[in-house]
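Undergrad: Would you mind keeping the following structure in view while I ask a few things?
The values are calculated or read from the model by the stated rules, or taken from the named source; none is laboratory data. The model shown is predicted, which means the values in this text are computed figures rather than measured ones. In this analysis, Cβ positions are derived from the backbone assuming ideal geometry, glycine residues included, and neighbour counts consider all displayed protein chains.
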Amino acid sequence: MKWTLITGGAAMLLYVGLVFYAIMSFSSAFDADHSTEELIDNYEKRQTQILELKSYFNSIVPRDKQIEIEFGSNKKLFRFGISPIDTATGDIVYPIFLEWDLKTNSERVDSVIKTIGWTQQTIKELKQKLDQADCIQIESGEPTKIGWQRSGMGMYSYNVFDKPIRDSQKSRYNDNCTYILYNDKLVLEYGGGAIGSQCFPRIK
C-alpha cells in the first residue's frame, strides 16, 4: 500500500508538472485577441486558398488515419496528432500519437511522418498553404476543420464540407454558440478552450 501511494503521488506530481510546463510553454500563443468579424473577413478574402488547403491536406492524409496538425512557427509544431480510423465504421479508434511543442526538423517528427508517407517537404508545403490561407491548424475528416487563429484560450475555426449540409444537421451547426452556419458548405466554429466562454463573442 505504501509503495502504491508513493507511486500514485509521484505520477500525479509528474502530470501536474507536465500540465504546468505546457501552459508556460504555450502561453505566448494565447496573447492575441481576435474577433468573429475577422474570421469572416479572412474567409471572404481567402476562400480560394482555404479550399485549396482543404483539398491538398485530404490528398496527403491516408484513408485509415485522422490527422490534426497546428503550427506554432515555421520550425515548431504546436500540436500534432495521428489517430487510426475504423474504415468499416468511420470511427476514430484512439490516438496513436499526440504531442505538443515539436521541432518540425527533428528525428522525432521524421520517425512519425514516415509512417504516413510524409516527408519534410510535405511539412513545408503544408505550412505554405496554411500561410496562404492565413490559418495555423487543420484536422482531416468531413467536414475538414481548419483553425484560423487562437484568441486568448480559444480558437476560431472553419468547418469546410465537401457537400451541402443536410437539413438534419443544420440545427447542430447553427446553435449560435459554438457554431454559426455561414453557408451550405461552411460552418464557423469557436472553441473556448479549458477556461472561458465556449460561445462566440457577440458580433458587433
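Undergrad: Of all residues in region 54-64, which are farther than 14 Å from Gln128 by Cβ and surrounded by fewer than 18 Cβ atoms within 10 Å (Cβ to Cβ)?
TA: Those that are farther than 14 Å from Gln128 by Cβ and surrounded by fewer than 18 Cβ atoms within 10 Å (Cβ to Cβ): Ser55, Asn58, Ser59, Pro62, Arg63, Asp64.
Undergrad: Testing Asn159 on (1) buried (at least 17 other Cβ atoms within 10 Å of the Cβ); (2) over 19 Å from Gln66 (Cα atoms), one condition comes back false. Which one is that?
TA: Looking at each condition in turn, Asn159 falls short on (2).
Undergrad: Any residue at all in region 154-161 that is at positive phi and not in a helix (DSSP H, G or I)? Quick ask: steps written out before the conclusion?
TA: Of the residues in region 154-161, the ones at positive phi are none.
No, region 154-161 has no match at all.
Undergrad: From the list Gln137, Gln132, which residue is assigned by TED's automatic domain parsing to the domain that holds Thr178, modelled with pLDDT of 95 or more, polar (S, T, N, Q) and over 12 Å from the mean Cα position of the chain (by Cα)?
TA: Values: Gln137 fails: over 12 Å from the mean Cα position of the chain (by Cα).
So the residue among Gln137, Gln132 that is assigned by TED's automatic domain parsing to the domain that holds Thr178, modelled with pLDDT of 95 or more, polar (S, T, N, Q) and over 12 Å from the mean Cα position of the chain (by Cα) is Gln132.
Undergrad: What's the total number of residues in region 174-189 that are under 21 Å from the mean Cα position of the chain (by Cα) and either modelled with pLDDT of 95 or more or among the β-branched types (Val, Ile, Thr) (or both)?
TA: Residues in region 174-189 being under 21 Å from the mean Cα position of the chain (by Cα) and either modelled with pLDDT of 95 or more or among the β-branched types (Val, Ile, Thr) (or both): 10 in total.
Undergrad: From the list Ile116, Ile180, Ile165, which residue is within 24 Å of Lys76 (Cβ to Cβ) and among the hydrophobic types (A, V, I, L, M, F, W, C)?
TA: Result of the check over Ile116, Ile180, Ile165: Ile116.
Undergrad: Okay, next question. Inspect region 162-184 for any residue being of a type in the set (A, V, I, L, M, F, W, C), in the same structural domain as Lys54 (by TED's automatic domain parsing) and under 26 Å from Pro84 (Cβ atoms) and give the result as yes or no. Walk me through how you get there before you give the answer.
TA: Here is the first cut: in region 162-184, the ones of a type in the set (A, V, I, L, M, F, W, C) are 165, 177, 180-181.
Then drop every residue that is not in the same structural domain as Lys54 (by TED's automatic domain parsing), which leaves 165, 177, 180-181.
Pick out the ones that are also under 26 Å from Pro84 (Cβ atoms) and you get none.
No, the conditions are met nowhere in region 162-184.
Undergrad: Taking Ile116 as the residue in question, decide whether it is within 13 Å of the chain's Cα centre (by Cα) and either loosely packed, with under 15 Cβ neighbours inside 10 Å or among the aliphatic types (A, V, I, L, M) (or both). Show your work before the answer.
TA: Values: within 13 Å of the chain's Cα centre (by Cα): no; either loosely packed, with under 15 Cβ neighbours inside 10 Å or among the aliphatic types (A, V, I, L, M) (or both): yes.
No.
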